[in-house]
Structures are given as C-alpha cells and as structure tokens.
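These notes concern the structure reproduced below.
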Amino acid sequence: MKGTVLYGPGDIRFEDRDDPGIQEPTDAILRLAATCVCGSDLWPYRGLQPIDGPTPMGHEYCGVVEEVGSAVKSIKPRQFVVGSFATSDNTCPHCQYGYQSSCIHREFMLRAQAPYLRVPRADGTLVPTPGGTPSRDLVPSLLAASDVLGTGWFAADAANVKPGATVVVVGDGAVGLLGVLSAKQMRAGRIIAMSRHEARQKLAREFGASDIVTERGEEGAARISELTKGIGADSVLECVGTQESMMQAIQSTRPGGYVSYVGVPHGVELDGQKLFFSHVHLHGGPAPVRRFLPMLIDLILNGTINPGKVFDLTLPLDQVAEGYRAMDERRAIKTLLQV
C-alpha cells in the first residue's frame, strides 16, 4: 500500500509502505473509511518538533475490521470501529480510573494516514458502532471522535464545566471548536470563544458560542474581565499548547476556577509564584478518548451532535501534502482524507 511519511519540515510524501499485518495476538487490522490531518501533526511538519528520520504519520481513524489476532475477543471482522490515538488495554488501574491515555501498555498510534492500519490492543482500544456499519455521511463525525472531539470533550470535562457556567475557549482549531460544542452539551450558561478568523467564529457560534473575543494577551484578559464583570471565567479550555495560550487561559480564570490544557505543550513554562496567587485549578494532558468514545458515538448516531463540520477541506488520500499545506497556511480548519 501507499502511506504518508514526513521526511522533514514541509516534506510530506505519499509513498510505498509495507502492508500492515498481525504482529501480536492482541492486534487488529483495519481497512480505513477515512483519515485526516491533525493540528498536532503540524508541529513536526513546521520543524518545531524533532523527528528521527522519515516518520509515518496519522493517528485519527475509523473503519472496518479486516483481521484480528488470536487473543482478540470482543472485536470481530466486519465490525465498523472507532479507536483512540492512544492504545489501551482498558483494564489496568489507570484505565479503570478513566485515564486510558496513560495505560501502562500505552502506545501512541502512527501510520493512520494510509488505507490500512494495525491497531495494537484491539479489545481495549477499539469501540464498534452499534447497529452495524454507519451511513457514509456519519463517517466524518465518527472520525472526529477518534481524537479532536474526544480531546475537546476532555477539555470541557477537565475544566469542570457545569450547567450555567461561564466558559472561555482559547484556540479556534478543531479541538477548540469541539471544546465549544462539548461545553454546550454540558449546558454551560455562556461560552466565550477566542478567535480572529471569520469562518471559525461562525462555526463556534453554530456549536454554541455566545460571545467572540478577538483580542489576545493582556487585552484578551481585559476583555474577558469586562465580559464577566471583573470576575473571570469559571472554566477555561486551553486548546493550543503555547506559552501565550496557557497564560491567556490562566489570566482569564476566576480565583477557584478551572483551567484544562489539552494542546501538546511547546515551550510552556509556568511562574510558580503567579500560579500560587492565581488560585486556579489546572488539569490536562493527552485526552483519554477511550473513556468517552461509547457516549460520543451514541451522540453522533442519534443526531445530537455533528462534529464532522470541523472538516472544511476534503481531499483524496494521495493529495495529503496539500492537506498539510492548507492547514499550515490556515486555509483549512481540518483536512479529511478520503481513502
């Protein structure tokens, strides 16, 4: 088969790769229905995260089970499944506490920007869709559940979003936009999205944002203070991973409020004294998507949510390099790749 490989900054190639096969008895092989480019893929693409030689890319996926290893019990061939970007056995203590992305047997997925994919620990990582294979129009939303929806939901959960709460979302990429959707599902009273891009502002409002803030830094914090009558937000979702976005989040939170951080951090350093006197709760990390997958799949299948709207560019898989360029240049929020 052919698959996506990053050779260096800006150098994405779609080239011949070995077909995946069963390596461990707990593996499954999927024929993907679709895959996509993630905002976190842009860090190494831009040269801001080092890679050790040519690196297969892609960690978001859904599709049909082609083959399973001899030890796989609950996942069957011909099932349509959605999986997380982090594998898990779903039985270890960390998994039982709901942090499958810290499973003691965790592996981070790669190689998903391809037609076929090997998934380790299939029983604990994959979730079948009830009722058989879903209709084609649901595939984008189910694909979103594999990462960006699950991460946006974790952002809202980790920020302790409660009914009636005032929520700020820092970041208007796919995760931030689906953080807005998630906060709305958790019945937040007011959702303030920080965005400077008209198309993203429009989708944020469609997902449930009541206010848009375009300012950044001290001006952004002042605007949040103004909108909250000098108090600050109850819950702030940091969905970028930079020093600026983290400080924006902390400065926008009321004393006793909650900040979640789900963007992969790059260059983030916290001033202990400032954090001490801010009185905010911090919680984040790699989203335990597997915890939320059954519920998110149900919300998608019953029509309650349509997270697939974050895909505003669809390309054939062999045009993956253009998908990266479009996201890097902010011509697209998120690129769906048709297999």
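Okay, here's what the table says:
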{"read-out": "Filter result (outside any loop (DSSP other than H, G, I, E, B), more than 23 Å from LEU296 (Cα to Cα) and within 24 Å of the chain's Cα centre (by Cα)) within region 46-88", "value": "THR55, PRO56"}
{"read-out": "Test for SER210: is it within 17 Å of ALA165 (Cβ to Cβ) and surrounded by fewer than 19 Cβ atoms within 10 Å (Cβ to Cβ)", "value": "yes"}
{"read-out": "Count of residues meeting criterion [more than 28 Å from GLY232 (Cβ to Cβ) and either among the aliphatic types (A, V, I, L, M) or more than 13 Å from the chain's Cα centre (by Cα) (or both)] in region 275-304", "value": "14"}
{"read-out": "Test: residue in region 223-240 that is surrounded by fewer than 16 Cβ atoms within 10 Å (Cβ to Cβ), basic (Lys, Arg) and in contact (Cβ under 8 Å) with a residue 24 or more places away in the chain", "value": "no"}
{"read-out": "Selected residue (only one of THR26, THR87, THR35 is over 17 Å from ARG111 (Cα atoms), assigned by TED's automatic domain parsing to the domain that holds LEU143, buried (at least 22 other Cβ atoms within 10 Å of the Cβ) and in contact (Cβ under 8 Å) with a residue 12 or more places away in the chain)", "value": "THR26"}
{"read-out": "Within region 112-132, considering residues that are in a strand (DSSP E or B) and touching a Lys or Arg at 6+ places or on another chain (Cβ under 7 Å), the one surrounded by the fewest Cβ atoms within 10 Å (Cβ to Cβ)", "value": "TYR116"}
{"read-out": "Residues of region 149-202 satisfying the condition of being in contact (Cβ under 8 Å) with a residue 24 or more places away in the chain, more than 22 Å from PHE85 (Cβ to Cβ) and surrounded by 22 or more Cβ atoms within 10 Å (Cβ to Cβ)", "value": "VAL161, THR166, VAL167, VAL168, ALA188, ILE191, ILE192, ALA193, MET194, ARG200"}
{"read-out": "Subset of region 328-339 (residues that are touching a residue at least 40 places away in the same chain (Cβ under 8 Å) and of a type outside the set (A, V, I, L, M))", "value": "ASP328, ARG330, LYS334, THR335, GLN338"}
{"read-out": "Residue match in region 257-268 (condition: outside the structural domain of ASP41 (by TED's automatic domain parsing), within 14 Å of VAL169 (Cβ to Cβ) and touching a Phe, Trp or Tyr at 6+ places or on another chain (Cβ under 8 Å))", "value": "yes"}
{"read-out": "Every residue from region 133-148 that is of a type in the set (Gly, Ala, Ser) and either in contact (Cβ under 8 Å) with a residue 24 or more places away in the chain or assigned to a helix (DSSP H, G or I) (or both)", "value": "SER141, ALA144, ALA145, SER146"}
{"read-out": "Among the residues listed as VAL240, VAL236, the single one being within 14 Å of ALA155 (Cβ to Cβ), assigned to a loop (DSSP other than H, G, I, E, B) and of a type in the set (A, V, I, L, M)", "value": "VAL240"}
{"read-out": "TYR258, sole failed condition from (1) touching a residue at least 60 places away in the same chain (Cβ under 8 Å); (2) farther than 16 Å from GLY179 by Cβ; (3) aromatic (Phe, Trp, Tyr)", "value": "(2)"}
{"read-out": "Filter result for THR91 (touching a strand residue (DSSP E or B) at 6+ places or on another chain (Cβ under 7 Å), in a loop (DSSP other than H, G, I, E, B), farther than 17 Å from PRO20 by Cα and of a type in the set (Val, Ile, Thr))", "value": "no"}
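Every residue, every condition in (1) touching a residue at least 60 places away in the same chain (Cβ under 8 Å); (2) touching a Lys or Arg at 6+ places or on another chain (Cβ under 9 Å); (3) not assigned by TED's automatic domain parsing to the domain that holds HIS59, yes or no:
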| position | (1), (2), (3) |
| --- | --- |
| LEU296 | yes, no, no |
| THR304 | yes, no, no |
| THR314 | no, no, no |
| ASP318 | yes, yes, no |
| ALA326 | no, no, no |
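Results for (1) among the acidic types (Asp, Glu); (2) closer than 30 Å to HIS105 by Cβ, shown as yes or no for each residue.
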residue	(1), (2)
PRO265	no, yes
LEU275	no, no
ASP312	yes, no
LEU317	no, yes
LYS334	no, yes
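Residues checked against (1) within 16 Å of SER146 (Cα to Cα); (2) assigned by TED's automatic domain parsing to the domain that holds VAL72; (3) basic (Lys, Arg):
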position: HIS94; (1), (2), (3): no, yes, no
position: GLN100; (1), (2), (3): yes, yes, no
position: ARG106; (1), (2), (3): yes, yes, yes
position: ARG111; (1), (2), (3): yes, yes, yes
position: ALA114; (1), (2), (3): yes, yes, no
position: VAL119; (1), (2), (3): yes, yes, no
position: ALA122; (1), (2), (3): yes, yes, no
position: GLY131; (1), (2), (3): no, yes, no
position: PRO134; (1), (2), (3): yes, yes, no
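The values are calculated or read from the model by the stated rules, or taken from the named source; none is laboratory data. No experiment lies behind these values; they were computed from the predicted model shown. Neighbour counts run over all protein chains shown; Cβ positions are idealised from the backbone, glycine included.
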